[in-house]
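> There's a structure below that I have some questions on.
The values are calculated or read from the model by the stated rules, or taken from the named source; none is laboratory data. These numbers were taken from a predicted model, which means no experiment stands behind them. Backbone-built Cβ (ideal geometry, glycine too); neighbour counts: all protein chains shown. Remember, those area values only see protein heavy atoms, side chains included, never the ligands or the DNA or RNA. Shrake-Rupley method; radii C 1.70, N 1.55, O 1.52, S 1.80 Å.
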Amino acid sequence: MLLSAMAGFKAIAAELTESATFDPMFRTLTVTRNGNLMDTPLMRIGAGDELIFSFDEIADDRRYLRCRLLHCNADWQPSRLVESEYVDGFNEDQLEDFGYSRNTYVHYVNYRYVIGPESGLQPLVSGNYVWQVYDEEDPDRVLLQMRFQVAENNVGVSGRADGRTDRGFNDTSQQLTLAVGSTSEVVRNPYTDLIIEVMRNGRPDTRRIIEHPQRVEGDRAIYEHLPQLIFNAGNEYRRFETVRSDYPGMHVDSVRYADPMYHAYIAVDAERAGRGYVYDSTQRGRYKIDEYNATDPDLGADYIMTHFTLDYPEIMDGDVYVEGELALRGYTDVNRMTYDRTAGLYRLDIPLKQGSYNYQYVVRRKSDAESLSAATPYNIGGNAVQRDAAGRQLAGADESLIEGNHYETVNEYNVSVYLREPGARADRLLAVATIVATP
(Lines give C-alpha, C1' and ligand atoms only; values in the text may rest on other atoms or scores of the structure.)
Protein backbone atom coordinates (compact mmCIF):
# COMPACT_ATOMS: atom_id res chain seq x y z
CA MET A 1 0.00 0.00 0.00
CA LEU A 2 2.86 2.37 0.81
CA LEU A 3 4.42 1.84 -2.61
CA SER A 4 1.15 2.34 -4.45
CA ALA A 5 0.48 5.54 -2.53
CA MET A 6 3.86 6.88 -3.61
CA ALA A 7 3.67 5.78 -7.25
CA GLY A 8 3.51 8.11 -10.21
CA PHE A 9 7.08 9.31 -10.85
CA LYS A 10 7.59 11.39 -14.00
CA ALA A 11 10.29 13.62 -15.45
CA ILE A 12 10.83 17.24 -14.41
CA ALA A 13 11.30 20.29 -16.56
CA ALA A 14 14.52 22.00 -15.45
CA GLU A 15 13.10 25.52 -15.35
CA LEU A 16 10.39 24.69 -12.79
CA THR A 17 11.53 25.42 -9.28
CA GLU A 18 8.79 24.64 -6.74
CA SER A 19 9.67 22.81 -3.54
CA ALA A 20 9.07 19.21 -4.55
CA THR A 21 10.08 15.57 -4.40
CA PHE A 22 10.40 13.98 -7.83
CA ASP A 23 10.96 10.39 -6.75
CA PRO A 24 8.09 8.80 -4.77
CA MET A 25 10.46 7.12 -2.32
CA PHE A 26 11.53 10.49 -0.90
CA ARG A 27 9.27 11.88 1.81
CA THR A 28 8.99 14.50 4.59
CA LEU A 29 11.10 17.21 2.99
CA THR A 30 11.51 20.15 5.39
CA VAL A 31 13.70 23.20 5.98
CA THR A 32 13.97 25.21 9.19
CA ARG A 33 15.99 28.28 10.12
CA ASN A 34 18.15 27.87 13.21
CA GLY A 35 15.97 24.88 14.17
CA ASN A 36 12.84 27.04 14.63
CA LEU A 37 9.75 25.42 13.11
CA MET A 38 7.88 28.73 12.78
CA ASP A 39 10.63 30.69 11.01
CA THR A 40 10.57 31.19 7.25
CA PRO A 41 13.39 29.51 5.26
CA LEU A 42 15.56 32.62 5.15
CA MET A 43 19.24 33.44 5.57
CA ARG A 44 20.25 37.00 6.38
CA ILE A 45 23.64 37.97 5.03
CA GLY A 46 26.12 38.35 7.88
CA ALA A 47 23.68 37.15 10.56
CA GLY A 48 25.14 33.67 11.02
CA ASP A 49 21.85 31.93 10.18
CA GLU A 50 21.69 28.19 9.56
CA LEU A 51 19.14 26.47 7.33
CA ILE A 52 18.59 22.82 8.22
CA PHE A 53 17.24 20.63 5.41
CA SER A 54 15.84 17.19 6.23
CA PHE A 55 14.18 14.40 4.27
CA ASP A 56 13.70 10.62 4.24
CA GLU A 57 14.20 7.99 1.59
CA ILE A 58 12.09 4.85 2.00
CA ALA A 59 14.95 2.36 1.76
CA ASP A 60 17.07 -0.06 3.76
CA ASP A 61 20.42 1.48 2.88
CA ARG A 62 21.84 4.92 2.11
CA ARG A 63 22.68 6.19 -1.33
CA TYR A 64 25.42 8.63 -2.29
CA LEU A 65 23.69 11.96 -2.74
CA ARG A 66 24.97 15.39 -3.64
CA CYS A 67 23.38 18.83 -3.59
CA ARG A 68 23.75 22.15 -5.39
CA LEU A 69 22.16 25.61 -5.51
CA LEU A 70 20.18 27.38 -8.21
CA HIS A 71 19.84 31.17 -8.07
CA CYS A 72 16.48 32.63 -9.14
CA ASN A 73 14.85 35.99 -9.72
CA ALA A 74 11.75 37.29 -7.96
CA ASP A 75 9.54 35.10 -10.18
CA TRP A 76 11.49 31.98 -9.12
CA GLN A 77 12.88 31.48 -12.60
CA PRO A 78 16.67 31.01 -12.93
CA SER A 79 18.66 34.24 -13.03
CA ARG A 80 21.40 34.98 -15.55
CA LEU A 81 24.18 34.69 -12.98
CA VAL A 82 26.77 31.96 -13.48
CA GLU A 83 27.45 29.62 -10.57
CA SER A 84 30.74 31.27 -9.59
CA GLU A 85 28.85 34.54 -9.04
CA TYR A 86 26.40 33.18 -6.46
CA VAL A 87 28.25 30.23 -4.81
CA ASP A 88 31.61 30.40 -3.06
CA GLY A 89 33.73 27.63 -4.58
CA PHE A 90 32.30 24.56 -6.29
CA ASN A 91 28.53 24.36 -6.58
CA GLU A 92 28.21 20.85 -5.20
CA ASP A 93 28.54 19.09 -1.87
CA GLN A 94 27.99 15.62 -0.44
CA LEU A 95 25.19 14.68 1.95
CA GLU A 96 27.16 12.88 4.64
CA ASP A 97 24.85 13.40 7.64
CA PHE A 98 22.40 10.49 7.57
CA GLY A 99 20.84 7.96 9.93
CA TYR A 100 18.74 4.78 9.74
CA SER A 101 15.25 4.53 11.17
CA ARG A 102 14.99 2.74 14.52
CA ASN A 103 12.28 0.30 15.57
CA THR A 104 9.95 1.31 12.74
CA TYR A 105 7.80 -0.88 10.52
CA VAL A 106 8.62 1.28 7.51
CA HIS A 107 12.38 1.39 7.01
CA TYR A 108 13.90 4.67 5.84
CA VAL A 109 17.12 6.67 5.79
CA ASN A 110 16.98 10.23 7.12
CA TYR A 111 19.31 12.81 5.57
CA ARG A 112 20.23 16.24 6.95
CA TYR A 113 22.14 19.08 5.37
CA VAL A 114 22.99 22.46 6.87
CA ILE A 115 23.64 25.65 4.92
CA GLY A 116 25.39 28.07 7.23
CA PRO A 117 28.70 29.73 8.07
CA GLU A 118 30.59 26.40 8.03
CA SER A 119 28.78 24.56 5.21
CA GLY A 120 30.20 23.46 1.88
CA LEU A 121 27.66 25.50 -0.07
CA GLN A 122 27.97 29.22 0.63
CA PRO A 123 25.56 31.66 -1.11
CA LEU A 124 27.39 34.84 -2.11
CA VAL A 125 24.54 37.16 -3.10
CA SER A 126 20.96 37.80 -2.07
CA GLY A 127 17.96 36.44 -3.89
CA ASN A 128 15.79 33.37 -4.24
CA TYR A 129 17.52 29.99 -4.16
CA VAL A 130 16.59 26.38 -4.83
CA TRP A 131 18.47 23.62 -3.01
CA GLN A 132 18.59 20.56 -5.30
CA VAL A 133 19.54 16.97 -4.44
CA TYR A 134 20.65 14.33 -6.94
CA ASP A 135 22.41 10.95 -7.05
CA GLU A 136 26.11 11.41 -7.72
CA GLU A 137 25.86 8.86 -10.56
CA ASP A 138 23.05 10.78 -12.29
CA PRO A 139 23.52 14.54 -11.74
CA ASP A 140 21.00 15.49 -14.44
CA ARG A 141 18.08 13.93 -12.59
CA VAL A 142 16.90 16.03 -9.65
CA LEU A 143 15.42 13.85 -6.91
CA LEU A 144 14.06 16.65 -4.75
CA GLN A 145 14.39 20.38 -4.26
CA MET A 146 13.48 23.04 -1.71
CA ARG A 147 13.13 26.81 -1.96
CA PHE A 148 14.80 29.26 0.41
CA GLN A 149 15.83 32.92 0.41
CA VAL A 150 18.93 34.98 1.16
CA ALA A 151 18.23 38.60 2.17
CA GLU A 152 20.46 41.64 2.55
CA ASN A 153 18.29 43.21 5.28
CA ASN A 154 19.30 46.73 4.32
CA VAL A 155 15.78 48.20 4.20
CA GLY A 156 13.07 48.13 6.83
CA VAL A 157 9.62 46.63 6.28
CA SER A 158 6.64 47.50 8.44
CA GLY A 159 2.91 47.09 8.06
CA ARG A 160 -0.34 45.73 9.36
CA ALA A 161 -3.00 43.27 8.27
CA ASP A 162 -6.54 43.33 9.61
CA GLY A 163 -10.20 43.15 8.70
CA ARG A 164 -10.54 46.85 7.87
CA THR A 165 -10.61 46.86 4.07
CA ASP A 166 -11.50 49.25 1.25
CA ARG A 167 -14.54 47.11 0.47
CA GLY A 168 -16.56 48.79 3.19
CA PHE A 169 -18.38 46.55 5.67
CA ASN A 170 -16.46 43.31 5.70
CA ASP A 171 -16.30 40.12 7.71
CA THR A 172 -14.55 37.79 5.26
CA SER A 173 -11.38 39.61 4.08
CA GLN A 174 -8.15 41.13 5.31
CA GLN A 175 -6.11 43.95 3.82
CA LEU A 176 -2.41 44.77 4.12
CA THR A 177 -0.76 48.15 4.42
CA LEU A 178 3.01 48.13 3.88
CA ALA A 179 5.90 50.57 4.14
CA VAL A 180 9.44 49.94 2.91
CA GLY A 181 11.89 52.29 4.62
CA SER A 182 15.45 53.54 4.03
CA THR A 183 15.04 53.11 0.29
CA SER A 184 16.99 56.25 -0.64
CA GLU A 185 20.30 54.60 0.28
CA VAL A 186 19.68 51.51 -1.85
CA VAL A 187 16.97 52.19 -4.44
CA ARG A 188 17.34 54.81 -7.16
CA ASN A 189 13.71 54.81 -8.26
CA PRO A 190 11.20 53.06 -5.93
CA TYR A 191 8.42 53.48 -8.53
CA THR A 192 10.21 51.31 -11.10
CA ASP A 193 12.90 49.27 -9.32
CA LEU A 194 11.07 47.74 -6.34
CA ILE A 195 9.06 44.52 -6.56
CA ILE A 196 6.97 43.42 -3.59
CA GLU A 197 5.78 39.82 -3.23
CA VAL A 198 3.12 38.86 -0.67
CA MET A 199 1.87 35.36 0.20
CA ARG A 200 -0.63 34.27 2.82
CA ASN A 201 0.57 31.48 5.13
CA GLY A 202 3.36 30.50 2.74
CA ARG A 203 0.95 29.32 0.03
CA PRO A 204 2.35 29.95 -3.48
CA ASP A 205 -1.17 29.97 -4.95
CA THR A 206 -1.97 33.13 -2.91
CA ARG A 207 1.06 34.99 -4.30
CA ARG A 208 0.53 38.67 -5.20
CA ILE A 209 3.08 40.88 -6.98
CA ILE A 210 3.06 44.66 -6.42
CA GLU A 211 5.29 46.53 -8.89
CA HIS A 212 4.56 50.14 -7.94
CA PRO A 213 4.03 51.84 -4.55
CA GLN A 214 1.04 54.06 -4.09
CA ARG A 215 3.36 56.91 -3.11
CA VAL A 216 6.82 57.71 -1.78
CA GLU A 217 7.28 59.78 1.38
CA GLY A 218 10.90 60.79 1.88
CA ASP A 219 12.80 57.50 1.88
CA ARG A 220 9.70 55.37 2.49
CA ALA A 221 7.71 53.60 -0.22
CA ILE A 222 4.05 53.27 0.87
CA TYR A 223 1.71 50.49 -0.27
CA GLU A 224 -1.84 51.05 0.93
CA HIS A 225 -5.39 51.10 -0.44
CA LEU A 226 -4.30 48.64 -3.13
CA PRO A 227 -6.85 46.01 -4.25
CA GLN A 228 -4.00 43.51 -4.78
CA LEU A 229 -3.41 43.57 -1.02
CA ILE A 230 -6.93 42.39 -0.13
CA PHE A 231 -7.03 38.65 0.65
CA ASN A 232 -9.72 36.19 1.60
CA ALA A 233 -9.24 35.73 5.35
CA GLY A 234 -9.83 31.97 5.40
CA ASN A 235 -10.11 30.11 8.69
CA GLU A 236 -7.79 28.68 11.31
CA TYR A 237 -6.15 25.40 10.31
CA ARG A 238 -7.45 22.07 11.57
CA ARG A 239 -5.13 19.87 13.65
CA PHE A 240 -4.41 16.23 14.44
CA GLU A 241 -1.66 14.24 16.18
CA THR A 242 -0.24 10.77 15.52
CA VAL A 243 2.62 10.87 18.03
CA ARG A 244 1.54 7.47 19.40
CA SER A 245 0.73 4.31 17.47
CA ASP A 246 -0.86 2.53 20.45
CA TYR A 247 -3.38 5.24 21.29
CA PRO A 248 -5.38 7.72 19.14
CA GLY A 249 -4.18 11.29 19.52
CA MET A 250 -5.89 14.62 18.98
CA HIS A 251 -8.69 14.43 16.36
CA VAL A 252 -7.89 10.76 15.61
CA ASP A 253 -10.72 8.24 15.96
CA SER A 254 -8.61 5.09 15.97
CA VAL A 255 -5.17 3.65 15.25
CA ARG A 256 -4.55 0.03 14.29
CA TYR A 257 -1.92 -2.11 12.62
CA ALA A 258 -2.57 -3.72 9.24
CA ASP A 259 0.49 -5.26 7.63
CA PRO A 260 2.87 -3.67 6.66
CA MET A 261 2.18 -0.48 8.66
CA TYR A 262 -0.02 1.31 11.17
CA HIS A 263 -3.16 3.15 10.05
CA ALA A 264 -4.60 6.29 11.67
CA TYR A 265 -8.21 7.25 10.98
CA ILE A 266 -8.75 10.99 11.36
CA ALA A 267 -12.15 11.92 12.81
CA VAL A 268 -14.70 12.71 10.12
CA ASP A 269 -14.50 16.42 9.27
CA ALA A 270 -17.48 18.62 8.45
CA GLU A 271 -17.96 21.88 6.59
CA ARG A 272 -17.11 25.00 8.60
CA ALA A 273 -18.36 27.62 6.12
CA GLY A 274 -21.35 29.47 7.54
CA ARG A 275 -20.37 28.72 11.13
CA GLY A 276 -19.07 31.27 13.61
CA TYR A 277 -15.37 31.91 14.03
CA VAL A 278 -13.60 29.92 16.73
CA TYR A 279 -10.03 30.87 17.62
CA ASP A 280 -7.51 28.06 17.73
CA SER A 281 -3.76 28.55 18.08
CA THR A 282 -2.30 26.73 15.08
CA GLN A 283 0.97 26.63 13.13
CA ARG A 284 -0.61 28.00 9.91
CA GLY A 285 -0.27 24.77 7.98
CA ARG A 286 3.04 23.51 9.34
CA TYR A 287 3.78 20.18 10.99
CA LYS A 288 6.25 18.81 13.53
CA ILE A 289 7.67 15.29 13.42
CA ASP A 290 7.31 13.65 16.83
CA GLU A 291 7.03 10.25 18.49
CA TYR A 292 6.29 10.20 22.22
CA ASN A 293 8.89 7.55 23.10
CA ALA A 294 11.72 8.52 20.70
CA THR A 295 14.81 10.45 21.76
CA ASP A 296 15.31 11.43 18.10
CA PRO A 297 11.93 11.61 16.30
CA ASP A 298 13.63 12.08 12.92
CA LEU A 299 14.78 8.45 13.22
CA GLY A 300 12.22 7.03 15.67
CA ALA A 301 8.94 8.22 14.15
CA ASP A 302 7.22 5.67 11.91
CA TYR A 303 5.24 6.20 8.73
CA ILE A 304 1.51 5.78 9.31
CA MET A 305 -1.12 5.50 6.58
CA THR A 306 -3.31 8.46 7.47
CA HIS A 307 -6.98 8.36 6.41
CA PHE A 308 -8.81 11.69 5.94
CA THR A 309 -12.62 11.81 5.62
CA LEU A 310 -14.69 14.87 4.75
CA ASP A 311 -18.48 14.88 5.00
CA TYR A 312 -19.40 17.16 2.10
CA PRO A 313 -21.54 16.83 -1.05
CA GLU A 314 -19.72 16.01 -4.27
CA ILE A 315 -18.41 19.06 -6.13
CA MET A 316 -19.00 18.35 -9.80
CA ASP A 317 -16.79 21.11 -11.24
CA GLY A 318 -13.88 20.99 -8.80
CA ASP A 319 -11.45 18.85 -6.84
CA VAL A 320 -10.94 18.87 -3.08
CA TYR A 321 -7.41 18.80 -1.65
CA VAL A 322 -5.91 18.46 1.82
CA GLU A 323 -3.68 21.52 1.96
CA GLY A 324 -0.65 22.20 4.15
CA GLU A 325 3.07 21.67 4.43
CA LEU A 326 2.30 17.93 4.50
CA ALA A 327 1.96 18.26 0.70
CA LEU A 328 4.65 20.95 0.26
CA ARG A 329 1.80 23.44 -0.36
CA GLY A 330 1.10 21.84 -3.74
CA TYR A 331 -2.03 20.39 -5.34
CA THR A 332 -1.32 16.98 -6.83
CA ASP A 333 -2.72 13.47 -6.91
CA VAL A 334 -0.91 12.89 -3.61
CA ASN A 335 -3.25 15.18 -1.67
CA ARG A 336 -6.33 15.16 -3.95
CA MET A 337 -9.36 13.55 -2.34
CA THR A 338 -11.69 11.10 -4.09
CA TYR A 339 -15.45 11.05 -3.63
CA ASP A 340 -17.05 7.88 -2.27
CA ARG A 341 -20.55 8.05 -3.75
CA THR A 342 -21.75 5.07 -1.75
CA ALA A 343 -20.88 6.68 1.58
CA GLY A 344 -21.36 10.28 0.43
CA LEU A 345 -17.89 11.25 1.70
CA TYR A 346 -14.59 12.56 0.40
CA ARG A 347 -11.59 10.36 1.28
CA LEU A 348 -7.80 10.55 1.12
CA ASP A 349 -5.22 8.00 2.25
CA ILE A 350 -1.65 9.29 2.51
CA PRO A 351 1.43 7.94 4.34
CA LEU A 352 2.66 10.54 6.83
CA LYS A 353 5.44 10.41 9.38
CA GLN A 354 4.28 10.51 12.99
CA GLY A 355 3.82 13.97 14.42
CA SER A 356 1.52 16.97 14.90
CA TYR A 357 -0.07 18.31 11.72
CA ASN A 358 -2.03 21.32 10.47
CA TYR A 359 -4.30 21.01 7.44
CA GLN A 360 -7.37 22.43 5.73
CA TYR A 361 -9.65 21.54 2.81
CA VAL A 362 -9.42 23.60 -0.37
CA VAL A 363 -11.16 23.42 -3.75
CA ARG A 364 -9.69 23.92 -7.21
CA ARG A 365 -12.32 24.47 -9.88
CA LYS A 366 -11.82 22.25 -12.94
CA SER A 367 -13.17 24.96 -15.24
CA ASP A 368 -10.34 27.28 -14.12
CA ALA A 369 -7.68 24.65 -14.79
CA GLU A 370 -9.11 23.78 -18.21
CA SER A 371 -9.32 27.43 -19.30
CA LEU A 372 -5.54 27.67 -19.79
CA SER A 373 -4.13 25.94 -22.85
CA ALA A 374 -0.79 24.21 -23.49
CA ALA A 375 -0.89 22.60 -20.06
CA THR A 376 1.94 20.23 -19.26
CA PRO A 377 2.28 17.80 -16.33
CA TYR A 378 4.81 18.69 -13.66
CA ASN A 379 5.79 16.30 -10.94
CA ILE A 380 5.52 17.23 -7.27
CA GLY A 381 5.59 14.63 -4.55
CA GLY A 382 5.60 11.88 -7.16
CA ASN A 383 2.50 13.03 -9.04
CA ALA A 384 1.55 15.42 -11.81
CA VAL A 385 0.10 18.88 -11.35
CA GLN A 386 -1.10 20.88 -14.35
CA ARG A 387 0.91 23.90 -15.48
CA ASP A 388 0.78 26.20 -18.46
CA ALA A 389 3.54 26.59 -21.03
CA ALA A 390 5.31 29.17 -18.85
CA GLY A 391 5.39 26.78 -15.91
CA ARG A 392 2.69 28.50 -13.84
CA GLN A 393 0.49 26.28 -11.72
CA LEU A 394 -3.03 26.27 -13.11
CA ALA A 395 -5.96 27.46 -11.02
CA GLY A 396 -5.58 28.75 -7.51
CA ALA A 397 -7.20 26.96 -4.60
CA ASP A 398 -10.01 28.35 -2.49
CA GLU A 399 -10.76 27.30 1.08
CA SER A 400 -13.87 29.51 1.32
CA LEU A 401 -16.36 26.87 0.17
CA ILE A 402 -15.54 24.34 2.91
CA GLU A 403 -13.60 26.23 5.57
CA GLY A 404 -15.27 29.66 5.31
CA ASN A 405 -13.77 33.14 5.69
CA HIS A 406 -13.47 35.08 8.93
CA TYR A 407 -11.73 38.44 9.26
CA GLU A 408 -10.52 37.42 12.74
CA THR A 409 -8.32 34.59 11.39
CA VAL A 410 -4.69 34.82 12.54
CA ASN A 411 -2.93 34.66 9.17
CA GLU A 412 0.75 35.16 8.41
CA TYR A 413 1.58 37.38 5.43
CA ASN A 414 5.04 36.76 4.02
CA VAL A 415 6.48 39.91 2.41
CA SER A 416 9.57 39.89 0.16
CA VAL A 417 11.15 43.11 -1.15
CA TYR A 418 13.17 42.74 -4.37
CA LEU A 419 15.31 45.23 -6.25
CA ARG A 420 15.38 44.95 -10.05
CA GLU A 421 17.85 47.53 -11.33
CA PRO A 422 17.98 48.43 -15.04
CA GLY A 423 20.42 46.17 -16.86
CA ALA A 424 20.96 43.87 -13.87
CA ARG A 425 21.29 40.14 -14.56
CA ALA A 426 19.59 39.12 -11.30
CA ASP A 427 17.10 40.46 -8.78
CA ARG A 428 18.41 41.35 -5.32
CA LEU A 429 16.38 40.46 -2.23
CA LEU A 430 16.54 43.46 0.08
CA ALA A 431 14.38 42.21 2.95
CA VAL A 432 11.83 39.63 4.06
CA ALA A 433 9.24 40.18 6.77
CA THR A 434 6.27 38.34 8.28
CA ILE A 435 3.18 40.34 9.25
CA VAL A 436 0.64 38.60 11.47
CA ALA A 437 -2.96 39.66 11.04
CA THR A 438 -4.83 41.10 14.00
CA PRO A 439 -8.65 41.35 14.33
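> Just checking, how many residues over the range 147-188 are without any contact (Cβ under 8 Å) to a residue 12 or more places away in the chain and either of a type in the set (Phe, Trp, Tyr) or touching a Lys or Arg at 6+ places or on another chain (Cβ under 9 Å) (or both)?
The total comes to 1.
> Test Leu121 against the criterion of being among the hydrophobic types (A, V, I, L, M, F, W, C) and assigned to a loop (DSSP other than H, G, I, E, B), and give yes or no.
So Leu121 fits the description; yes.
> Filtering the range 173-189 down to residues that are of a type outside the set (A, V, I, L, M) and under 25 Å from the mean Cα position of the chain (by Cα), which residue is farthest from Ala221 (Cα to Cα)?
Checking each candidate, the answer is Ser173.
> Go through the residues of the range 84-93 one by one and say whether even a single one is open to solvent by 20 Å² or more (accessible area, probe 1.4 Å), touching a Pro at 6+ places or on another chain (Cβ under 6 Å), of a type outside the set (Lys, Arg) and closer than 30 Å to Ile195 by Cα.
no
> Residue by residue through the range 209-220, note down the ones that are more than 24 Å from the chain's Cα centre (by Cα) and buried (at least 16 other Cβ atoms within 10 Å of the Cβ).
Answer for the range 209-220, where residues must be more than 24 Å from the chain's Cα centre (by Cα) and buried (at least 16 other Cβ atoms within 10 Å of the Cβ): Pro213, Val216, Asp219, Arg220.
> Additional query: Quick check on my filter: what residues within the range 188-208 are open to solvent by 10 Å² or more (accessible area, probe 1.4 Å) and touching a helix residue (DSSP H, G or I) at 6+ places or on another chain (Cβ under 8 Å)?
Pro190, Met199, Arg200, Gly202, Arg208
Rundown of residues vs (1) assigned to a strand (DSSP E or B); (2) closer than 25 Å to Glu291 by Cα, yes/no style:
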| site | (1), (2) |
| --- | --- |
| Gln228 | no, no |
| Asn235 | no, no |
| Phe240 | yes, yes |
| Tyr247 | no, yes |
| Arg272 | no, no |
| Arg275 | no, no |
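> Do the conditions hold for Gln77, that is, is it surrounded by 13 or more Cβ atoms within 10 Å (Cβ to Cβ) and in contact with a Gly (Cβ under 8 Å, 6 or more places away or on another chain)?
So Gln77 fits the description; yes.
> Also, I was wondering about something else. Report, by residue number, each residue of the range 393-439 that is of a type in the set (Val, Ile, Thr), open to solvent by less than 60 Å² (accessible area, probe 1.4 Å) and more than 17 Å from Met199 (Cβ to Cβ).
Listed by number, the list holds a single entry, Ile402.
> Select from the range 337-362 the residues that are farther than 16 Å from Met305 by Cβ, over 16 Å from the mean Cα position of the chain (by Cα) and touching a residue at least 12 places away in the same chain (Cβ under 8 Å) and write down the one among them that is surrounded by the fewest Cβ atoms within 10 Å (Cβ to Cβ).
Here the answer is Arg341.
> Report, ordered by the first and then the second residue, all pairs with beta carbons closer than 6 Å, sequence separation of six or more or different chains, a first member in the range 299-315 that is farther than 17 Å from Leu401 by Cβ and hydroxyl-bearing (Ser, Thr, Tyr), and a second member that is open to solvent by less than 20 Å² (accessible area, probe 1.4 Å) and part of a strand (DSSP E or B).
Pairs found: Tyr303/Pro351; Tyr303/Lys353; Thr306/Ala264; Thr306/Ile350; Thr306/Leu352.
> Restricted to the range 49-97, and to residues that are part of a helix (DSSP H, G or I) and out of contact with any His (no Cβ under 6 Å at 6 or more places or on another chain), which residue is nearest to Val130 (Cα to Cα)?
Glu83
> Starting from residues that are open to solvent by 10 Å² or more (accessible area, probe 1.4 Å) and charged (D, E, K, R), keep the ones in the range 301-331 and report whichever is nearest to Leu345 (Cα to Cα).
Asp311
> Mind checking which residues of the range 242-261 are out of contact with any helix residue (DSSP H, G or I) (no Cβ under 8 Å at 6 or more places or on another chain) and either among the aliphatic types (A, V, I, L, M) or open to solvent by less than 50 Å² (accessible area, probe 1.4 Å) (or both)?
Thr242, Val243, Ser245, Pro248, Gly249, Met250, Val252, Ser254, Val255, Ala258
> Restricting to the range 107-136, count the residues that are closer than 25 Å to Met261 by Cα, aliphatic (A, V, I, L, M) and either in contact with a His (Cβ under 9 Å, 6 or more places away or on another chain) or open to solvent by 10 Å² or more (accessible area, probe 1.4 Å) (or both).
Final tally of qualifying residues: 0.
> Let me ask something else. List pairs: first in the range 26-37 and outside any strand (DSSP E or B), second of a type in the set (Asp, Glu) and open to solvent by 50 Å² or more (accessible area, probe 1.4 Å), Cβ under 8 Å, 6+ apart or cross-chain?
Hits for this filter: Asn34/Glu50; Gly35/Glu50.
> Going by the structure shown, is Asn153 buried (at least 17 other Cβ atoms within 10 Å of the Cβ), part of a strand (DSSP E or B) and among the polar types (S, T, N, Q)?
no
> Tell me which of these Asp140 doesn't satisfy, since it passes every other one: (1) in a strand (DSSP E or B); (2) acidic (Asp, Glu); (3) open to solvent by 60 Å² or more (accessible area, probe 1.4 Å).
(1)
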